[in-house]
């Protein structure tokens, strides 16, 4: 009973994995209301007749005593209970299993719905020497573009408040907001001085897949997130690049925080041959489920593949790169990935608070746990480690991409050489 | 000296002290007068056991107990890994609740600590042989706020300008104000014990054990993760390749580099830290053997390293010697329930041997049971006041209550008297010193006292662990709050303090009978 119910909701909530600041939280179907008591009781350990503490009774004992006796100020019972719950969850030593009080839960839900609402502009990752933030790319026809924001504009104030001294992340939080609301940017533009631009935030549909043909017929495809359209767009990009004579492919997953598990499996199926394992999902109770490639989706084989990853490639990005690595379907270049192999489910509670619980974990097809923990750094290790320094960033250099292209050139040359040799010997 | 320290003194309490090794503490009512126990559901206001259904309520009216029960139930169902044992879950909850109260001495005690306390009450002092407490201690960089709460877990982290300070999940509201880092502090040193042999002094702050910094709290992986997220290295995504505008090279930013370096060091420090609860357990006698301690002493801080050999020390809590034909030296190292009888025996011996005058020596006496101390006061003062206790009534209003001496059958009225104290005199020993001085005009000789004016109750749980709750503030009979301040002495003495105390012997003035004051009655136990 429990099992069948779980299998109904788990796939749905595996959808989005939560990753620190990178991605939004998971919204799972309501769990609170289901669960018959009897079923739950059977899973509880019986209260031992020895000297083991019963958590509920012990918490309550401490709560009562503190409220009766503590000389200093005490919070109300509910706040203290929230603290006790946080302490309870802390014992799991899992940074992702956490309690959200009603305010935090509300904020999370708003954050989720507002994720793609903003001004539609890409910002440079490092503030300028003045502390301004440079717009590297307004999305074509996005709200910022329409309001007249241009590449190279330097944001100095948001809604009249200076952003000097803030990090880019902090500034982004001020700029983002719900659709329909307005934000006032003060920008400094070369040769034109200071300008104020009001922008109404809108749902922004940014391209999750971008692609281009590099020198030497090497295709480049970057994936920003694993959403519903990701697989289709990847397919379209690859087919178009193939049509132009692509001889090798760079798949860029740097900064990709993850997304839908199914999208990761579909995209893995583009690069990994039929019926190979993509990911092993382990649920509570230890049950393992190996998810395999979909043979009808396979596109690769005719050309070599290099995958770019870095420390901010997480979750679904790690499933994909881990699967490609384990199946030797491509070379991984960059830095070790984030190390998030856990799935959280948000369990709403009756008083408006919620609990984010790690309900499953991923292993790579070879059974490797990529999750970062006290015991291990985790993450998918690149076959070829390459870093980008700040200096290289400022000079718009991309040594990771450069290495990927070099690798592909060599591989293409090797394959072509091999093919020539093969045909020679056949004669 | 201590008065000038920027410390959060609310701590100095003996219960936790005793925990350490030397002696058990103040208001050990929980321990000595019948331990309160978390056993059984009687104590739980009828809350059902886990195996039965939770009381129902819904929406915002849901009872907090049900909420807790519900979370536990959902964890048991859905959490991917096996849950820790019930004991760990229960203690984790209690620990969080007590920590949130932001009183270093309202805290969880391991079974080893509770055991050490109980053996100390029997005169067997385990581990370090010093009474320790946890106090918030600032650094010498006075104006810099150093925080140890999880909301800003890195000393120094606040000064990092270039990184986002993320609000961690377990930041409880309202955020406790920062008053320095929880630090193990020596209250008093058992003469002849390991700490004494290693040269530890009252007021010493123990910052490292075996070279590892003692982190003020349990270092959870969540906390380490927060450090990584807020301060760790981040990858730069390459710029848009189509954007060929050169970027300004930021000028060198030594401030940022310094902050980042400090943050990196701090992160490493936290990662490799010894956790405070574990360090306490070691010092309380969890493991005998040699340990290197790093000590900070005085202000400005002097840092030194000492090696202590932990072990069990038997000590006479009460010792009585004749200084000369007329003068007796009565030393009391702690107040445990056996002390009144031992003191009574000693005083009767003195009386038989013609001793007329008395030096009451309370040096390195970190206190202990209030009842024991007021029984000793009764022998010397008869019916008199002993202390003023400030506590909460049933409506959580702060009320004051005067505690009287416990005048038993043994009385000793010295021809002249002086009281010897030092930095290690704390808690109920300070109350006794103040009660004698304030009501008989005898002199306090030695050095200013520690300043522990709080009372804790110990509650022991089913599995042997326990927790303490600070339940009262203590004041001298004159209504002087000495917590964090200590008592000043009338005759400062260094070197041969005992001789100075003999020289300072004064005939006590008569004590007005406390019973003459209406409406004030001694109580054995407040509840």
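Selection over segment B:361-387 of residues that are in contact with a helix residue (DSSP H, G or I) (Cβ under 7 Å, 6 or more places away or on another chain) and outside any helix (DSSP H, G or I) gives a count of 11.
The rows are residues; the columns are (1) in contact with a strand residue (DSSP E or B) (Cβ under 7 Å, 6 or more places away or on another chain); (2) over 26 Å from residue B:405 (Cβ atoms); (3) without any contact (Cβ under 8 Å) to a residue 24 or more places away in the chain.
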residue	(1), (2), (3)
B:458	yes, no, no
B:472	yes, no, no
B:475	yes, no, no
B:487	yes, no, no
B:492	no, yes, no
B:495	no, yes, yes
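When the residues of segment B:441-470 are filtered to those that are facing chain A (nearest Cβ under 7 Å) and within 24 Å of residue B:430 (Cβ to Cβ), which remaining residue is surrounded by the fewest Cβ atoms within 10 Å (Cβ to Cβ)? In this case the residue turns out to be B:457.
Select from segment B:383-406 the residues that are crowded, with 21+ Cβ neighbours inside 10 Å and more than 17 Å from residue B:482 (Cβ to Cβ) and list them in ascending order. If the condition is that a residue be crowded, with 21+ Cβ neighbours inside 10 Å and more than 17 Å from residue B:482 (Cβ to Cβ), then B:384, B:404, B:405 are the ones that fit. Taken together, the criteria place residue A:210 among residues that are without any contact (Cβ under 8 Å) to a residue 40 or more places away in the chain, within 30 Å of residue A:293 (Cα to Cα), within 13 Å of another protein chain (Cβ to nearest Cβ) and not in a helix (DSSP H, G or I). Scanning segment A:382-425 for residues being assigned to a loop (DSSP other than H, G, I, E, B), modelled with pLDDT of 90 or more and surrounded by fewer than 17 Cβ atoms within 10 Å (Cβ to Cβ) gives a total of 2. Only one of the listed residues (B:387, B:366, B:375) is without any contact (Cβ under 8 Å) to a residue 40 or more places away in the chain and assigned by TED's automatic domain parsing to the domain that holds residue B:502. That residue is B:375. When segment A:147-165 is filtered for residues that are free of Cβ contacts under 8 Å to residues at least 24 places away in the same chain and over 27 Å from residue B:255 (Cβ atoms), only A:151 remains.
Looking at segment A:129-144, is at least one residue in contact (Cβ under 8 Å) with a residue 60 or more places away in the chain and surrounded by 24 or more Cβ atoms within 10 Å (Cβ to Cβ)?
From segment A:129-144, those in contact (Cβ under 8 Å) with a residue 60 or more places away in the chain are A:139, A:142-143; that's our starting set.
Then drop every residue that is not surrounded by 24 or more Cβ atoms within 10 Å (Cβ to Cβ), which leaves none.
No, there is no match, as no residue in segment A:129-144 is in contact (Cβ under 8 Å) with a residue 60 or more places away in the chain and surrounded by 24 or more Cβ atoms within 10 Å (Cβ to Cβ).
Taking residue B:438, is it closer than 30 Å to residue B:119 by Cα, out of contact with any helix residue (DSSP H, G or I) (no Cβ under 8 Å at 6 or more places or on another chain) and assigned by TED's automatic domain parsing to the domain that holds residue B:402?
no
Scanning segment A:110-123 for residues that are at pLDDT 80 or above and not in a strand (DSSP E or B) returns A:119, A:120.
A search for C-beta distances below 6 Å between a residue of segment B:242-271 that is over 30 Å from residue B:217 (Cβ atoms) and within 12 Å of chain A (Cβ to nearest Cβ) and any residue that is surrounded by fewer than 13 Cβ atoms within 10 Å (Cβ to Cβ) and at pLDDT 70 or above, counting only pairs 6+ apart in sequence or on different chains, returns B:248/A:129; B:250/A:129; B:251/A:129. Residue B:71 passes every criterion in (1) within 26 Å of residue A:64 (Cα to Cα); (2) modelled with pLDDT under 95 apart from (2). Residues in segment B:302-323 that are free of Cβ contacts under 8 Å to residues at least 12 places away in the same chain and either closer than 23 Å to residue B:415 by Cα or over 23 Å from the mean Cα position of the chain (by Cα) (or both): B:321 alone. In segment A:300-314, which residue that is away from every other protein chain (no Cβ under 14 Å) and at pLDDT below 95 is nearest to the chain's Cα centre (by Cα)? Restricting to residues being away from every other protein chain (no Cβ under 14 Å) and at pLDDT below 95, the top hit is A:300.
Looking for something in a loop (DSSP other than H, G, I, E, B), more than 23 Å from the chain's Cα centre (by Cα), under 30 Å from residue A:242 (Cβ atoms) and not assigned by TED's automatic domain parsing to the domain that holds residue A:317 - is there at least one such residue anywhere in segment A:186-193? Checked segment A:186-193: no residue is in a loop (DSSP other than H, G, I, E, B), more than 23 Å from the chain's Cα centre (by Cα), under 30 Å from residue A:242 (Cβ atoms) and not assigned by TED's automatic domain parsing to the domain that holds residue A:317.
Quick one: would you say residue A:230 is out of contact with any helix residue (DSSP H, G or I) (no Cβ under 6 Å at 6 or more places or on another chain), farther than 30 Å from residue B:83 by Cα and surrounded by 15 or more Cβ atoms within 10 Å (Cβ to Cβ)? No, not satisfied.
The values are calculated or read from the model by the stated rules, or taken from the named source; none is laboratory data. Since we're looking at a predicted model, the values are computed, not measured. For neighbour counting, all protein chains shown are included, and Cβ atoms are generated from backbone atoms with ideal geometry for every residue, glycine included.
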